[in-house]
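Input: a single structure, listed below in C-alpha cells.
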Amino acid sequence: MRVLTGIQASGKLHIGNYFGAMKPMIELQEHEELFTFIANYHSLTTSKDAKLLKQLTLDAAVDYLSLGINPEKTTFWVQSDVPQVLELYWILSKFTPMGLLERAHSYKDKVAKGIPANHALFSYPVLMAADILLLDTEKVPVGKDQIQHVEITRDIAIKFNNEYGDIFTLPEYIVEDNVATIPGIDGQKMSKSYNNAIDLFMDEKPLQKRCNKIISSSTPLGEALEPEGCNIYALASLFLDDSKKIELQERYRSGKEGYGHFKKYLKELIWEELAEAREKRAYYLDNMDIVNDILSDGAKKMHKISNAKMGVIREAVGLI
Ligand code: ADP
Ligand code: TRP
C-alpha cells in the first residue's frame, strides 16, 4: 500500500507530536510503502523569514531521521526539490471549484487568526492534492484538522477523472483514533502554542526541571496517591506496557512515594526512550552532508516517479 505523509516543519517537537504523529508514522514503514516529505512550499504560506524556513526544514529532516525514518525503506525528500508538483497544482486548479476552497475550515481558521488571506493560503489544499495525486497515493495518515484536505483531494481527482479518464487514484485518509490526546504539564492538550509542552530533545537537567513543573494534586507525602487523572501518570504510562503500568499504579497507591519520585521516574522514561534518537541526532548534526545526500536521493527517486506521472497527465489534458 502506498502511504504518503507530509510534514510541516514548525520547530521543536514535543512528546505529544511523538506519540500522536511520529511514532505511528515511523511504524508504518515496516509494512507499507512509505513516502514522507517536508512540506516547505506549504510552510511558505505562513513564513516570513528565509533563514528560519531553511533552518526549520533541515531541523525537521534531522529530527525525523533520528527518530527512525529509515531511508532504505522510506522515500524521504523536501517538497521544493521536486517542483513537478507545482505543474500538477496548476492543472488541478482547473478542476477545483471556488466553492470547494471557500468551505475549507483550515483556511478560515488561519484567516480568523490574523494570517493575511492571500492566494497561496487559499489554494493550499490544491497543492496538497497535487502532492497526493502525483504519487498515486492510496492512504494519507492525517490529524483530524487535515481530513477535509484529503476529501478535497478526492473531489478534485473525481472531477479530473470524469473528464479525462481514470488517471488518478482516489486516496483515503487514516486517522489515528486510538492515540489519546496527550496532556501537557498543565493537564491541557500538549501543544507548542500553549507553552505546556515537554520537548523531545532537551538536555537532561532542563528535562527534569520541565517534568518538575507538571501540575499534580496537593496530597501530602505519605498518603496514597491516585494515578487516575494524574498528569504525571498519564505521561508515564505512554512509555509503559500493561504490567509496568500496574506496577506504577501500585507504587502510587502504596503511599510510600510522593509526586517528586514519579516526576523523576517520568524523566528517566523519556530520557531512556530517546537515547538512541539522541545519539543519531548528534551524529546527523555533525554530518549534515549525509542528511543532504539522503534528501537528494529521495528527490531523485521522486523525479523519476513524478516525470512519469506528469507525462501521462500532460498527454491526457493536451499539453505538448
Ligand atoms: P501543536 O499543537 O504543538 O502545534 P501540531 O499541530 O504541529 O502540534 O501537531 C502535529 C501532529 O502531532 C498533529 O497532527 C497531531 O497528530 C500530533 N499531536 C500534537 N499534539 C498532540 C497531543 N497533545 N496529543 C496527541 N497528538 C498530538
Ligand atoms: N497540510 C499538511 C499539514 O499541515 C501537510 C501536508 C502537505 C500534507 N501536503 C501533504 C500531508 C500531503 C499529507 C499529504 O499537516
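Ligands, DNA and RNA are left out, and with a 1.4 angstrom probe the accessible area of the range 47-131 is 50 Å² per residue. Between 107, 246, 231, the Cα set farthest toward the positive side of the dipole of the chain (charges on each charged residue's Cβ, about the Cα centre) is that of 107. Across the chain, C-alpha contacts under 8 Å between residues 6 or more apart give a mean separation that, scaled by the residue count, equals a relative contact order of 22 percent.
When the Gaussian network model of the chain links Cα atoms closer than 10 Å, the mean-square fluctuations of 241, 59, 186 top out at 241.
Given +1 on the Cβ of Lys and Arg, -1 on the Cβ of Asp and Glu, and no further charges, what dipole in debye does the range 202-273 carry about its Cα centre, rounded to the nearest 20? Present the calculation step by step, with values, prior to reporting the outcome.
Details: 12 positive and 13 negative charges, 73 e Å.
It works out to roughly 360 debye.
Each residue was assigned an accessible area with a 1.4 Å probe, and for residue 144 the value is about 150 Å². With helices as the sole contributors, the chain gives -16500 deg cm²/dmol at 222 nm; each DSSP H run of n ≥ 4 counts as -39500 (n - 2.57), and the sum is divided by every residue. Within the range 49-140, the GluC sites (Glu not before Pro) that combine a DSSP coil assignment with at most 10 other C-beta atoms in a 10 angstrom radius are 72. Heavy atoms of the protein chains alone define the surface here; on that basis the range 251-303 has 58 Å² accessible area per residue at 1.4 Å probe size.
Considering only protein heavy atoms and a probe of 1.4 Å, how much of the accessible area of the chain is carbon and sulfur, as a whole percent? Carbon plus sulfur share of accessible area: 51 percent.
Would you mind telling me the antiparallel percentage of the DSSP bridges in the chain, rounded to 5?
On the way: 2 of 17 bridges.
That works out to approximately 10 percent antiparallel.
Legend: residue pairs 48/192; 209/280; 73/280; 110/309, Cα-Cα distance threshold 21 Å; pairs beyond threshold, 209/280; 110/309. If only the Cβ of Lys and Arg carry +1 and only the Cβ of Asp and Glu carry -1, the dipole of the range 12-121 around its Cα centre is close to 600 debye. Ranking 281, 2 from most to least accessible surface, computed with a 1.4 Å probe over the protein chains only, gives 281, 2.
Let me check something: with ligands and nucleic acids excluded, how do 145, 286 order by accessible area (1.4 Å probe), largest to smallest? Spell out each step's value before the answer.
Working: 145 110, 286 130 Å².
So, going from the largest accessible area down, we get 286, 145.
The values are calculated or read from the model by the stated rules, or taken from the named source; none is laboratory data. Everything quoted here is computed from the prediction, not taken from an experiment. We place every Cβ from the backbone using ideal geometry, glycine too, and count neighbours over all the protein chains shown. To get the accessible areas, we keep the full protein, side chains included, count just its heavy atoms, and leave off ligands, DNA and RNA. Shrake-Rupley method; radii C 1.70, N 1.55, O 1.52, S 1.80 Å.
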